[in-house]
Structures are given as structure tokens and as C-alpha cells.
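Trainee: Encoded as C-alpha cells, here's the structure I'll be asking about.
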Amino acid sequence: MCGIVGYVGSQPALDVVIDGLSRLEYRGYDSAGTAVSADGKLTVTKRAGKLANLREALAGADHSDTGRSGIGHTRWATHGPPNDRNAHPHTDCTGAVAVVHNGIIENFAALRLELEGRGHELSSDTDTEAVAHLLEEEVAKGASLADAMRRVCLRLEGAFTLVAVYSGEPDLVVGARRNSPLVVGVGAGENFLASDVAAFIAHTRDAIELGQDQVVELRRSGVTVTGFDGKPADVKEYHVDWDVSAAEKGGHDYFMLKEIAEQPRAVAETLLGRIGADGRLSLDEMRLTDDELRDIDKIIIVACGTAYHAGLIAKYAIEHWTQLPCEVELASEFRYRDPILTRSTLVIAISQSGETMDTLMAVRHAREQRASVLGICNVNGSTIPRECDGVLYTHAGPEIAVASTKAFLTQLIAVYLIALYLAQVRGTKWGDEVFAMIQLLGTMPQKVEQVLETVEPVRDLARSLAGERCVLFLGRHVGFPVALEGALKLKELAYMHAEGFAAGELKHGPIALIEQDLPVVVIVPSRARPVLHDKIVSNIQEIRARGARTIVIAEEGDEAVAPYADTLIRVPAVPTLLQPLVATVPLQVFACELATARGHDVDQPRNLAKSVTVE
Ligand code: AGP
């Protein structure tokens, strides 16, 4: 998820673009760059790192004589490490066209080969640079920048927001979008483009949300919107009534709420580009060969906190799909227990930040023991991926809130993809079985969206329990790690005692905790596994008989649990192994709302940090 700004007007473009980027830095801070158009040429400045590095590079520039049209970008790296070379904007061979991009162009490798075959020299590792050279070719044929953009967009696959400038058409910025946000700010004698309204509401609150497969031409005099086919598009203006701070949070009160709401897109983007046209998984970025993966005889997952819970869920999928033994270890315990590691062991390190010291030290220990190490990480170029043999990035975009939400769901997607890929290369699943599961994964963004649309009763429930001292969480199979995750969310946000249990373990002691009206959340497995389902119905009856207030999360159509649920929360029916993707979301909302009802700042809970870089 990157930040994009475009401007045409009477103010110095550099000032407007840099100010806009500063409001979007939460969307990505691996690098930043600008391209401004003046006197028939483009001036491109870009630096790795935070926006401050770009500001420093521009400190000498006299902004008053820079152009009145320009574009800017803050990067959240997906393809290619964060460095100056991979920073946006990217230009064509002549330096006359500059483009910035948010999203993933799935067919960029083929386009790159085609362009290099026609003599273009591409210098970065990014998918974006190919677009600059494709635009160059169309402009060279006499097309306007807008026509060039329309033609190029028809050749791209994947999700993209593109914004470009061309020195031959000053005072013009052209944008395009497919499955990625782009909004127009309509000013008086000036107009804006941005990834979200935060970038320009200091200048104007009149906006136009661009639709799917549309191209926008931004001039001082006005805005023109067409489809990729060139036909005029109907657009409607709306008025933004958020303040700047709210705008950075997408209108939500907290980043955590915004990140919970972003989960469908985060899941979809983590799936993007990893399924080939033949329906087979393609995870080349893992940098582990198929033969190396076939030689694996054991998997050990190391992680902390929420990432550890993702690892616990991964175990079920990996063992079921690949027949490989899979252990899951708290990273902080891993190296002190003298783990048995050989060259045939694959250690998978899961970390949103890529900087957690406990996990990093576990990675180093595993590598010293000659195991192969694969990272699952959300921050491109962070320390842990750099020290792994291979990495599979989640594409959740920056996760600002301390409590991990969208990163967790995308970690699950990543572990499902790895497990299916292992099954694919090791032949423990037929191609059609892998394909069928991939198809099901492809429906999960919509299933998560469905949960988000029905969580209002969960918020009401959370507020009603704000005065409670404790909440217990029960689950079986993959529902057990979900119970642990629900308890962790409540602990770290509401500062309330909460504990997750394997439901079958209750009778071995913890059931003594049950007392009248004690709230107990129970994650009920899919009815597709009757043996699991029936056992947990019994567990619900056991705690209910002892006075518990039962809050039951169950799939649509499951009526067997209804008589025993004081509160019944419905989630879409999905296969057992995928249920954590939908069952976790109500628990995130529950914890966030209860903490808010207690007056806590859910983005920055006490005593916690987003990335724990000490052991
Ligand atoms: C989860 O809500 C917490 N923020 C915490 O448990 C976190 O998951 C853990 O510290 C691991 O962080 P990482 O994924 O960045 O390695």
C-alpha cells in the first residue's frame, strides 16, 4: 500500500506534493520521490527511507520556480528492496515520462522481457518501471499521455493505481486505477489526485472517487474522466467532512478500526500475483527451489504473539496438506531448548514487522544449525527477511496500530499458500485439489467483508461487557489458536484478564473458573467436522450448566448451537482450515470496542510497542 499525490494548479507543485505525501506517509515509508514538470522537462528526485530524506534532498531547490504540475509517491515495497533505485517515480528511456504506482502488476515480468527485447533498459527491480517504458512507446507514436495511459492499462493485469506526467504536456497529470484507490480533489484553478483525501483536504474538500478501470486527466481548467476504452465516464462529486487526522485513518477514529476494515483488501492483495494462469501456485519470490522443498522432512515455525497464533493455525494446514511434521515454537523459547535441526529442517519465521528480536535471534540460531529458513513478513527489506534464505511477503500494507489485525489474516493467507505450494511440489495433493483450495481462498476477501458488514451486534455486546473482570475463550482444532488470539487482543487492548483454552482441556482444571454470568466466547468448528462440532456443543452445555454466559461464534445455518448460546454471532460457512479467517474478525472488533468503551487508546495500548526489538 503506497501513498500517491498528483497536482496541477498555480501553487509550486513541489510544495503541494511534499505536503500531501507527509499526510500519506502512514501508507508507506520505505522511500519517497517526486517528479515536477516545468519548462519542457521533468525534474525527478527520489530517496530511500522516510520522507525526511527526500525533504533533505530537496532542501536546496527553489520551489517557487519549480513546475506547477507534479506527482509524488511514498513507497510500501512489494517488488524490490527499499532503495533509491527502486524508489518511485520511475521514468522511461528519455526521462520525458515519469510514473508512480500503488498495487501489483502481475504480468510485469513478461512486459519487461518484451520491452528489453525492443531495446529498453530498465534499471530497477520494480514492476512499475515497465509502465514508464510502455507509456514512452505510445507517446513516441504520437499518442497523448491520456491516450497512452488508456492503451497501456489495457495491457496490465493485477491491481494498480498509476499517476504519470509527460514533459511534452506540461500542466497535465494523468491517473488510472483498477482495484486500487485513487481520488480526485477538485479545487479552484487547481486540481489534485491522491490515494486518499488526507493528501489534499487542506486545499479542498470537494472530491471525486474514481471508478474501476477509469483514466483521469487533471488540468488547471478541470478534470476529465473516461474508461480505459476512452468513453466519457459519469462521475459524481462529494464533499469530505473529515478533518486531516481522521482522513489519515480513513474516517475511522483509530488506525486499528481502519486496519480491521482493510482486511478484505489485504487478503486479496496477498493472494495477488501468486496464482499462475494455469491455476498452479507460483511462489518464486520464496527463493527456495522445488528440490530444496522436496528435501524437507520437518518444519518448525517460530514467532511471537499474534504471529505465533498464525503459526499454530499453520500447523494444522501444513500437516493436513503436506504430511510433514510441523512444530510451532515461541521464538523466545526456541533456541534455549536445543531444538533438533538438520539441513532437512525448514524453519518458518513469521513476523509482521520483520524486526522482532526474539524471532530474529531464532532465525540466526536456525541458520547456524544449517536449517533452511523462510520468512513470512509484512515489511519489505526489514531485518528478518534479509537474514532468511527466502521470504514470502504479506501485502497488508503498513500496520500502524500496535494490536495486529490485518497482518494476522494475511499471515494466515501466506501460510496457506506455502502449505499448498509444498503439497503441490511434493505431490501430497493432486493439482485439482490444490486448485480447488486456491479457488476457495479467492473467495475469502468477500467472506471477510461479509463478517465486517454484520459486526454491529458484536460492538453492542462489547460495550455491555465493559465492566467485566474476565472473559474466557474456547476453541477446538484451528479454533483453539483463534481463542488464544481473541484473548490476547482483549488483554493488550482492554487490560482485562482473558484466557484462551482448548475446549477439551476445560474439564482438566480450568472449568473451576466458571461461575455465574462469567462471559465465555466459544468458537464453534464447521459442521464439516462433526466430531469436532459435537464435542464443542457438549463443552458449551458443560459451562452453561455452571452459569457461564455463552457467547458463541458459529457458521451460518448451524442451529445445533442456538439453544445454548446467550449471544450467537454468525460467520460465513467456510472449510474448517480456513475458518480462522472469518472467526477472528468478530474477536478483533469485540476487543477494540470493549477497550474503547473503557476509554483506552486502542492504537497505542499501555506498556506495548509495535515492534519489540529487544529480547
Ligand atoms: C499482537 O497484537 C501484538 N502486537 C504482538 O503480539 C505481535 O504480534 C508480536 O509482538 C509479534 O510481532 P511481529 O509480528 O512484528 O514479529
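The values are calculated or read from the model by the stated rules, or taken from the named source; none is laboratory data. This is a predicted model, so every value here is computed, not measured. Using ideal geometry, Cβ is built from the backbone for each residue, glycine included, and neighbour counts are taken over all protein chains shown. All accessible areas refer to the heavy atoms of the entire protein, side chains included, with ligands and DNA or RNA removed. Shrake-Rupley method; radii C 1.70, N 1.55, O 1.52, S 1.80 Å.
Trainee: Please work out if residue 512 is buried (at least 23 other Cβ atoms within 10 Å of the Cβ) and out of contact with any strand residue (DSSP E or B) (no Cβ under 6 Å at 6 or more places or on another chain). Lay out the reasoning, then the answer.
Mentor: Numbers: buried (at least 23 other Cβ atoms within 10 Å of the Cβ): no; out of contact with any strand residue (DSSP E or B) (no Cβ under 6 Å at 6 or more places or on another chain): yes.
The answer is no for residue 512.
Trainee: Taking into account only those residues within the stretch 315-353 that are of a type in the set (Val, Ile, Thr) and buried (at least 18 other Cβ atoms within 10 Å of the Cβ), which is nearest to residue 30 (Cα to Cα)? Let's see the steps before the verdict.
Mentor: Applying the first criterion (of a type in the set (Val, Ile, Thr)) to the stretch 315-353 yields 318, 322, 328, 340, 342, 345, 347-348, 350.
Those left that are additionally buried (at least 18 other Cβ atoms within 10 Å of the Cβ): 318, 322, 328, 345, 347-348, 350.
Numbers: 318: 32, 322: 36, 328: 31, 345: 32, 347: 27, 348: 24, 350: 20 Å.
Ranking the qualifying residues of the stretch 315-353, first place goes to 350.
Trainee: Name the strands (runs of 3 or more DSSP E) wholly inside the stretch 173-254 in which the number of residues that are surrounded by fewer than 22 Cβ atoms within 10 Å (Cβ to Cβ) is 1 or more.
Mentor: On the way: elements: 173-178, 183-186, 191-194, 206-209, 214-219, 222-227, 237-239.
Answer list for the stretch 173-254: 173-178, 183-186, 206-209, 214-219, 222-227, 237-239.
Trainee: If residue 566 satisfies all but one of (1) touching a residue at least 12 places away in the same chain (Cβ under 8 Å); (2) under 20 Å from residue 489 (Cα atoms); (3) open to solvent by 10 Å² or more (accessible area, probe 1.4 Å), what's the number of the condition it fails?
Mentor: With (1) touching a residue at least 12 places away in the same chain (Cβ under 8 Å); (2) under 20 Å from residue 489 (Cα atoms); (3) open to solvent by 10 Å² or more (accessible area, probe 1.4 Å) applied to residue 566, the lone miss is (2).
Trainee: Could you look through the stretch 301-330, keep only residues that are within 16 Å of the ligand (Cβ to nearest atom) and part of a strand (DSSP E or B), and pick out the one that is farthest from residue 348 (Cα to Cα)? So that I can check it myself, show each step before the final result.
Mentor: Initial filter on the stretch 301-330 (within 16 Å of the ligand (Cβ to nearest atom)): 301-314, 328-330.
Narrowing the set further to residues that are part of a strand (DSSP E or B) leaves 301-303, 328-330.
Working: 301: 5, 302: 6, 303: 8, 328: 9, 329: 10, 330: 12 Å.
Ranking the candidates gives 330 first.
Trainee: What residue, of 488, 506, is modelled with pLDDT under 95, in a helix (DSSP H, G or I) and either within 16 Å of the ligand (Cβ to nearest atom) or open to solvent by less than 10 Å² (accessible area, probe 1.4 Å) (or both)?
Mentor: Details: 488 fails: modelled with pLDDT under 95.
Checking each option against the conditions leaves just 506.
Trainee: Inside the stretch 1-85, counting only strands (runs of 3 or more DSSP E) that do not spill past its ends, which hold 3 or more residues that are open to solvent by less than 10 Å² (accessible area, probe 1.4 Å) and either of a type in the set (A, V, I, L, M, F, W, C) or in contact with a Lys or Arg (Cβ under 7 Å, 6 or more places away or on another chain) (or both)? Break it down into steps so the answer makes sense when it comes.
Mentor: Values: elements: 3-8, 31-38, 41-48, 69-75.
Result: 3-8, 31-38.
Trainee: Just to be sure before I move on: is residue 36 at pLDDT 90 or above and in contact with an Asp or Glu (Cβ under 9 Å, 6 or more places away or on another chain) in the structure I sent? Before you say what the answer is, go through the steps one by one.
Mentor: Working: at pLDDT 90 or above: yes; in contact with an Asp or Glu (Cβ under 9 Å, 6 or more places away or on another chain): no.
Criteria not met by residue 36.
For every residue, the table says whether it meets (1) part of a loop (DSSP other than H, G, I, E, B); (2) open to solvent by 60 Å² or more (accessible area, probe 1.4 Å); (3) touching a helix residue (DSSP H, G or I) at 6+ places or on another chain (Cβ under 9 Å).
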position	(1), (2), (3)
112	no, no, yes
143	yes, no, yes
155	yes, yes, yes
162	no, no, yes
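Trainee: Let me ask another. For the stretch 344-353, name all the residues that are away from the ligand (no atom under 16 Å from the Cβ) and closer than 25 Å to residue 382 by Cα. First the steps, then the outcome.
Mentor: Residues of the stretch 344-353 away from the ligand (no atom under 16 Å from the Cβ): 344-346.
Selection gives 345, 346.
Trainee: In this structure, does residue 435 turn out to be in contact (Cβ under 8 Å) with a residue 24 or more places away in the chain and out of contact with any Ser or Thr (no Cβ under 7 Å at 6 or more places or on another chain)?
Mentor: Numbers: in contact (Cβ under 8 Å) with a residue 24 or more places away in the chain: yes; out of contact with any Ser or Thr (no Cβ under 7 Å at 6 or more places or on another chain): yes.
So residue 435 passes the test.
Trainee: Just to be sure I understand, how many residues within the stretch 121-141 are within 19 Å of residue 216 (Cα to Cα) and either open to solvent by 30 Å² or more (accessible area, probe 1.4 Å) or more than 29 Å from the chain's Cα centre (by Cα) (or both)? Walk me through how you get there before you give the answer.
Mentor: Quick first cut of the stretch 121-141, residues within 19 Å of residue 216 (Cα to Cα) only: 128, 131-132, 134-136, 138-139.
Applying the additional criterion that residues be either open to solvent by 30 Å² or more (accessible area, probe 1.4 Å) or more than 29 Å from the chain's Cα centre (by Cα) (or both) yields 136, 138-139.
So the answer is 3.
Trainee: Keeping to the stretch 547-565, report how many residues are within 17 Å of residue 471 (Cα to Cα) and assigned to a helix (DSSP H, G or I). Show your work before the answer.
Mentor: Our first condition is that a residue be within 17 Å of residue 471 (Cα to Cα); within the stretch 547-565, this holds for 547-553, 565.
Among the residues that remain, those that are also assigned to a helix (DSSP H, G or I) are: none.
The qualifying residues number 0.
Trainee: Looking at the stretch 376-388, can you tell me whether even one residue there is crowded, with 24+ Cβ neighbours inside 10 Å and either away from the ligand (no atom under 12 Å from the Cβ) or of a type in the set (D, E, K, R) (or both)?
Mentor: Yes; the residues of the stretch 376-388 include at least one that is crowded, with 24+ Cβ neighbours inside 10 Å and either away from the ligand (no atom under 12 Å from the Cβ) or of a type in the set (D, E, K, R) (or both).
Trainee: Okay, moving on. So which of 542, 593 is charged (D, E, K, R), assigned to a helix (DSSP H, G or I), touching a residue at least 60 places away in the same chain (Cβ under 8 Å) and open to solvent by less than 60 Å² (accessible area, probe 1.4 Å)?
Mentor: Exactly one of 542, 593 is charged (D, E, K, R), assigned to a helix (DSSP H, G or I), touching a residue at least 60 places away in the same chain (Cβ under 8 Å) and open to solvent by less than 60 Å² (accessible area, probe 1.4 Å), namely 593.
Trainee: Filtering the stretch 354-375 down to residues that are more than 9 Å from the ligand (Cβ to nearest atom) and assigned to a loop (DSSP other than H, G, I, E, B), which residue is surrounded by the most Cβ atoms within 10 Å (Cβ to Cβ)?
Mentor: Once the filter is applied, the top-ranked residue is 371.
Trainee: Open to solvent by 10 Å² or more (accessible area, probe 1.4 Å) and at pLDDT 95 or above: does that describe residue 421? Write out each step before concluding.
Mentor: Details: open to solvent by 10 Å² or more (accessible area, probe 1.4 Å): yes; at pLDDT 95 or above: yes.
In short, yes.
Trainee: Give me the pairs, please: first residue somewhere in the stretch 514-527 and under 16 Å from residue 461 (Cα atoms), second residue anywhere and assigned to a loop (DSSP other than H, G, I, E, B) and among the aliphatic types (A, V, I, L, M), beta-carbon distance under 7 Å, and either six or more positions apart or on two chains.
Mentor: 518/548; 519/465; 520/548
Trainee: Which ones in the stretch 599-608 are surrounded by fewer than 16 Cβ atoms within 10 Å (Cβ to Cβ) and either within 13 Å of residue 255 (Cβ to Cβ) or more than 8 Å from the ligand (Cβ to nearest atom) (or both)? Steps first, please.
Mentor: So the first thing to find is which residues in the stretch 599-608 are surrounded by fewer than 16 Cβ atoms within 10 Å (Cβ to Cβ), and the list is 599, 601, 606-608.
Within the stretch 599-608, 599, 601, 606, 607 qualify.
Trainee: Also, quick follow-up: Only one residue in 275, 299 is touching a helix residue (DSSP H, G or I) at 6+ places or on another chain (Cβ under 7 Å) and open to solvent by less than 40 Å² (accessible area, probe 1.4 Å), so which one is that? Walk me through how you get there before you give the answer.
Mentor: Values: 275 fails: open to solvent by less than 40 Å² (accessible area, probe 1.4 Å).
None of the other options fit; the residue is 299.
Trainee: Would you pick out the residues in the stretch 255-267 that are within 15 Å of residue 581 (Cα to Cα) and open to solvent by 20 Å² or more (accessible area, probe 1.4 Å)? Break it down stepwise before answering.
Mentor: Quick first cut of the stretch 255-267, residues within 15 Å of residue 581 (Cα to Cα) only: 259-267.
Matches in the stretch 255-267: 261, 262, 265.
Trainee: Of everything in the stretch 185-225, what is of a type outside the set (Asp, Glu), more than 21 Å from residue 37 (Cβ to Cβ) and in contact with a helix residue (DSSP H, G or I) (Cβ under 7 Å, 6 or more places away or on another chain)? Give them in sequence order.
Mentor: 197, 198, 201, 202, 207 - these are the residues of the stretch 185-225 that are of a type outside the set (Asp, Glu), more than 21 Å from residue 37 (Cβ to Cβ) and in contact with a helix residue (DSSP H, G or I) (Cβ under 7 Å, 6 or more places away or on another chain).
Trainee: Find all pairs meeting these conditions: Cβ atoms under 7 angstrom apart; at least six residues apart or on different chains; first residue within the stretch 386-412 and in contact (Cβ under 8 Å) with a residue 24 or more places away in the chain and in a helix (DSSP H, G or I); second residue more than 10 Å from the ligand (Cβ to nearest atom) and of a type in the set (Asp, Glu).
Mentor: Filtered contacts from the stretch 386-412: 406/259; 406/262.
Trainee: Looking at (1) more than 16 Å from the ligand (Cβ to nearest atom); (2) of a type in the set (D, E, K, R); (3) not in a helix (DSSP H, G or I), which is the only condition residue 535 fails?
Mentor: (3)
Trainee: Scan 14, 54 and give me the residue that is over 19 Å from residue 121 (Cα atoms), among the hydrophobic types (A, V, I, L, M, F, W, C) and free of Cβ contacts under 8 Å to residues at least 40 places away in the same chain. Talk me through it step by step, then tell me what you get.
Mentor: Values: 14 fails: free of Cβ contacts under 8 Å to residues at least 40 places away in the same chain.
Just one listed residue meets the conditions, 54.
Trainee: Out of the residues in the stretch 389-422 meeting the condition of being touching a Pro at 6+ places or on another chain (Cβ under 9 Å) and among the β-branched types (Val, Ile, Thr), tell me which one is nearest to the ligand (Cβ to nearest atom).
Mentor: Here the residue is 402.
Trainee: Shifting gears a bit: Inspect the stretch 567-589 for any residue being under 30 Å from residue 437 (Cβ atoms), over 26 Å from the mean Cα position of the chain (by Cα), more than 16 Å from the ligand (Cβ to nearest atom) and modelled with pLDDT of 95 or more and give the result as yes or no. Spell out how you get there, then give the answer.
Mentor: In the first step, residues of the stretch 567-589 are kept if they are under 30 Å from residue 437 (Cβ atoms); the result is 568-589.
Checking the rest, the ones that are also over 26 Å from the mean Cα position of the chain (by Cα) come to 568.
Now narrow it down to the ones that are more than 16 Å from the ligand (Cβ to nearest atom): 568.
Okay, now just the ones that are also modelled with pLDDT of 95 or more, so 568.
Yes, the stretch 567-589 contains at least one residue that is under 30 Å from residue 437 (Cβ atoms), over 26 Å from the mean Cα position of the chain (by Cα), more than 16 Å from the ligand (Cβ to nearest atom) and modelled with pLDDT of 95 or more.
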